[in-house]
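Enquirer: Got a structure for you, written out below as structure tokens; questions coming shortly.
Derivation of every value follows stated rules applied to the coordinates shown; laboratory data play no part. As the structure is a prediction and not an experimental result, all values here were calculated from the model. Neighbour counts are summed over all protein chains in view; Cβ atoms, including those assigned to glycine, are modelled from backbone coordinates with ideal geometry.
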Amino acid sequence: MGDDTLFRSLDLIQSGDLVRYHGSITRAHGLYIALPCSCSACWHLYEFAPGDTRYALVDPWGELPGPRCVRRASITRSTSCS
Ligand SMILES: [Zn+2]
């Protein structure tokens, strides 16, 4: 609680944005396409805390499934392609 408010105000991540993952799954660190996570757990979470969006990360090259249910604080929008 609390921390996400700080991160959320910095910059918004929209569906399809290229992001860098730097969360707890260190072997999964890297660049991904961010999509809203649509699993049932995140769907229920969203009902209670609409601002606490979770993301499903997709490998831009489509070779590996990325982390899911990723917190906003675990990703940063990449500026390399802007
Ligand atoms: Zn999820």
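Enquirer: Given a Förster radius of 30 Å and the C-beta distance between Gln14 and Leu64 as r, what FRET efficiency does 1/(1 + (r/R0)^6) yield to the nearest 0.05? Intermediate results must be reported in sequence, preceding the final value.
Expert: Details: r = 22 Å, r/R0 = 0.75.
Computed FRET efficiency for Gln14 and Leu64: 0.85.
Enquirer: Please report the net charge: other residues with Cβ closer than 13 Å to the Cβ of Cys39, K and R +1, D and E -1. If you can, show how the numbers build up before the last one.
Expert: Numbers: positive: Arg54, Arg68; negative: none.
So the environment of Cys39 carries a net charge of +2.
Enquirer: Report the full-extension gain for the segment Phe48 to Ser78: residue separation times 0.36 nm, less the Cα-Cα distance, to one decimal in nm. Walk me through the numbers before you get to the answer.
Expert: Values: separation 30, 0.36 × 30 = 10.80 nm, distance 2.89 nm.
Extra length from Phe48 to Ser78 when fully extended: 7.9 nm.
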